[in-house]
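Okay, so here's the structure we're looking at.
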Amino acid sequence: MNATALKETARLLYFAEAENREIERMTSDYPDMTVEDAYRVQEELISLKLKHGSGIIGPKMGLTSRAKMQQMNVEEPIYGYIFEDMIVPNGGHINMDKLIHPKVEAEIAFLLGEDIEGPGITGEQVLAATDYFIPALEIIDSRYKNFSFTLPDVIADNASSSRVVFGERIKKPENLKLESAEVSLMINGVVKEQGTGAAVVGHPANSAAMLANMLARKKQKLKAGSIILTGGVTGAVMLKPGDSVSAQVEGLGDVSFAVCS
Ligand code: 0L1
Ligand code: MG
C-alpha cells in the first residue's frame, strides 16, 4: 500500500470509531494488504488519535487464546494501544449509543516498574520488571460490520480496542501464581465465562514478553509506567443496555461497570 492509501485507510477507521459507525473491511478495497501494511495503518491511526488530544496508556495484546489464534490462523498474537479516552472508571458506565456492537472480556494488566527491551525477553523477566497487577475488563468494538475481519483488518483497526475498566492496582503478590488464578466474567450476577491466567499464552507474563519481542523488531520497547493489557482470560461476551458487568480475578479482586443505553 502506498502512503496515501495508508493514510486514507487510517482516516476511515478513525472516523468510524469517532462516529460509532460500522464499515466494510479494509481488505475489500485492498485485498493485498499485508500484516506489515496493517501495522503501518495502525501507526497512522495512532498518530491521528494523538493529534486529536488523547494520550497512550499502554499497549494491549489481542488474539492471545489458542482458540482465537487458530480461528485467525496465526502463530502469534497481535497488539494495539489503549488511549486515555478509552478509560472507564471502576464501577462506572459505558454508553451503548457511543459504541457499535461492544463485547467484553476479562483480562489481567501489568503496570511496569522498569523498561523492557527485546529481543529474547521471557515471562520471568517481565514479572521481575512488573510492579503491579491489575484486574481489568476490556470492551472490544470492531469497527467492521458483524465483527467480521481478516488479520490485517483487525490489526489496522487497533485490535478492536474501545474501552477499558481497571480495578485496583495490587502490588505484585510474590506467591500469586497467575497461570492458575481463576477468573470469572459475570453479567447481571450470572457467570458467563470462566478461565485461568494460563488461557493467555500459558501465562499473562508470556504475552507481555511476546509483545516486547514483537516491538523489538521495530526497535521499540515497553516503557516503565505503562500498563499492558495482556489479553482475554475469558471469551468475549456481547453487551446490551442494562447489563451490569463484573469480573473477579482470584488474588486480585473485582472490577465492574454498567451498560447504559
Ligand atoms: O482483545 C482482543 O483479543 C481482541 C483482538 C481483536 C479480535 C476481536 O475483535 O475479537
Ligand atoms: Mg482483549
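Annotations
- The set of residues in the range 75-101 that are closer than 19 Å to Tyr39 by Cα and either under 17 Å from the mean Cα position of the chain (by Cα) or within 11 Å of ligand 1 (Cβ to nearest atom) (or both) comprises Glu76, Pro77, Ile78, Tyr79, Gly80, Tyr81, Ile82, Phe83.
- Some residue of the range 56-71 being free of Cβ contacts under 8 Å to residues at least 40 places away in the same chain, in contact with a Pro (Cβ under 9 Å, 6 or more places away or on another chain) and hydrophobic (A, V, I, L, M, F, W, C): yes
- Odd one out for Lys172 among (1) farther than 22 Å from Asp32 by Cα; (2) out of contact with any Leu (no Cβ under 8 Å at 6 or more places or on another chain); (3) at pLDDT below 95: (2)
- Of all the listed residues (Val126, Val183), the sole one being among the aliphatic types (A, V, I, L, M), in contact with a helix residue (DSSP H, G or I) (Cβ under 8 Å, 6 or more places away or on another chain), under 24 Å from Phe83 (Cβ atoms) and crowded, with 23+ Cβ neighbours inside 10 Å is Val126.
- For Ser148, the criteria (1) crowded, with 17+ Cβ neighbours inside 10 Å; (2) within 18 Å of the chain's Cα centre (by Cα) hold in every case but one, which is (1).
- Of residues in the range 57-71 being near ligand 1 (Cβ under 8 Å from one of its atoms) and aliphatic (A, V, I, L, M), the one surrounded by the most Cβ atoms within 10 Å (Cβ to Cβ): Met61
- Condition met for Arg169 (under 13 Å from the mean Cα position of the chain (by Cα) and of a type in the set (Lys, Arg)): no
- Filter result for the condition that a residue is in contact with a Cys (Cβ under 7 Å, 6 or more places away or on another chain), at negative phi, of a type outside the set (Phe, Trp, Tyr) and in contact (Cβ under 8 Å) with a residue 60 or more places away in the chain, over His101, His93: His93
- Matching residues, the range 36-45, being surrounded by fewer than 21 Cβ atoms within 10 Å (Cβ to Cβ) and either over 26 Å from Ala3 (Cβ atoms) or within 16 Å of ligand 1 (Cβ to nearest atom) (or both): Tyr39
- Residue match in the range 65-73 (condition: more than 16 Å from Ser162 (Cβ to Cβ), within 16 Å of ligand 2 (Cβ to nearest atom) and among the polar types (S, T, N, Q)): yes
- Odd one out for Lys192, checked against (1) away from ligand 2 (no atom under 16 Å from the Cβ); (2) over 29 Å from Asp37 (Cα atoms); (3) more than 15 Å from the chain's Cα centre (by Cα): (1)
- Of the residues making up the range 186-215, those that are surrounded by fewer than 19 Cβ atoms within 10 Å (Cβ to Cβ), within 16 Å of Glu250 (Cβ to Cβ) and in contact (Cβ under 8 Å) with a residue 24 or more places away in the chain are Gln194, Thr196.
- Within the range 78-101, being within 16 Å of ligand 2 (Cβ to nearest atom) and either small (Gly, Ala, Ser) or at pLDDT below 95 (or both) holds for one residue alone: Gly80.
- Boolean, Ala209 is in a strand (DSSP E or B), among the small types (Gly, Ala, Ser) and either within 16 Å of ligand 1 (Cβ to nearest atom) or under 23 Å from Gln70 (Cα atoms) (or both): no
- Being surrounded by 13 or more Cβ atoms within 10 Å (Cβ to Cβ), within 11 Å of ligand 1 (Cβ to nearest atom) and within 30 Å of Ser28 (Cβ to Cβ) is true of Ser161.
The values are calculated or read from the model by the stated rules, or taken from the named source; none is laboratory data. What you see is a predicted model; the values in this text were computed from it and never measured. Note that we place each Cβ from the backbone using ideal geometry, even for glycine, and neighbour counts take in every protein chain shown.
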